[in-house]
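Data block below; observations after.
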Amino acid sequence: MAEKVTRFGVSVESELLDRFDRILRRRHYTNRSQAIRDLIRHELIGKEWEDSNTEVIGTVSMVYDHHVRGLTQRLVSLQHEYTGKIVAATHVHMDHHNCLEVLIMRGRGREISDLVKRIRSLRGVKHATLSMTTTGSHLK
């Protein structure tokens, strides 16, 4: 069953709309409505992450130097603290020194964000980023 669609008008300066349209073409949107729906969903996902009672899903991607003394053990220990939150992990050896690890996590936004902060603070972690998404239960 299709959900009812509501049409509404938006007033935007010409230059801002031109810049928006260029972005839409680069991202292969066929119309502005699709892009605006995605922008709204993106904001709603951000709100889910702020809400401490909402379950979310996210990926943590990190690049680190596995030769840094004790780092691998600290990462494993840290991940064990989040047992039940980490649903999958992938490890890639990029070269002699560098590894890429991706964690798929499910839990409260604050818990996942806390893990990312702790990972970033470890000596030898070169980069750690969080990609936030949703379980989809709150979005149509």
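Readers should treat all values here as calculations from the given coordinates under stated rules, not as data from a laboratory. Treat the numbers as computed from the prediction; the structure is a model and nothing was measured. Quick reminder, even Gly has a Cβ in these numbers, built from the backbone with ideal geometry, and neighbours come from all protein chains shown.
What chymotrypsin sites (Phe, Trp or Tyr not before Pro) in the range 1-97 are in a loop by DSSP, with at most 10 other Cβ atoms within 10 Å of the Cβ?
F8
With labels modelled as points extended 7 Å from the Cα through the Cβ direction, what inter-label distance (nm, one decimal) is found for V92 paired with T30?
Going by the 7 Å Cα→Cβ label model, 3.2 nm.
State the percent of C-alpha pairs, over all pairs in the range 55-134, separated by a distance greater than 16 angstrom.
45
Could you list which residues have their amide H under 5 Å from that of T54, counting only those 5 or more apart in sequence or on another chain, with H placed in the peptide plane?
G109
Looking at the P(r) of the range 6-88, how many percent of alpha-carbon pairs lie beyond 14 Å?
When all Cα pairs of the range 6-88 are counted, 78 percent exceed 14 Å.
Given C-alpha coordinates of the chain, what is the ratio Rg to Rh with the Kirkwood estimate of Rh?
That ratio is 1.10, to two decimals.
Please identify every one of the trypsin sites (Lys or Arg not before Pro) in the range 1-48 that sits in a loop by DSSP and has no more than 15 other beta carbons within 10 Å of its own beta carbon.
For trypsin sites (Lys or Arg not before Pro) across the range 1-48 that sit outside H, G, I, E and B with at most 15 neighbouring Cβ atoms in 10 Å, the list reads K4, R7, R27.
Got a sec? How would M132, M105, M94 order by Cβ neighbour count within 10 Å, fewest to most?
Sorted ascending by nearby Cβ count, the order is M94, M132, M105.
Using only DSSP helix segments of four residues or longer, with each worth -39500 (n - 2.57), what per-residue ellipticity at 222 nm results for the chain after dividing by its residue count and rounding to 500?
That comes out to -12500 deg cm²/dmol.
Which of the GluC sites (Glu not before Pro) across the range 9-96 are loop residues per DSSP, with 11 or fewer other Cβ within 10 Å?
Answer in residue order: E13.
Fully extended, how many nm does the chain gain between L39 and K85 (0.36 nm per residue separation, minus their Cα-Cα distance)?
13.8 nm
How are the C-alpha pair distances of the range 88-140 spread across 10 Å bins, as whole percents from the shortest bin up?
Values per bin, smallest distances first: 19, 48, 24, 8, 1.
For the range 115-125, just list the computed ³J(HN,Hα) in residue order, Karplus coefficients 6.51, -1.76 and 1.60, θ = phi - 60°, integers in Hz, with x standing in for Gly and Pro.
Residue by residue, the range 115-125 yields 4, 4, 4, 5, 5, 4, 7, 7, 5, x, 7 Hz.
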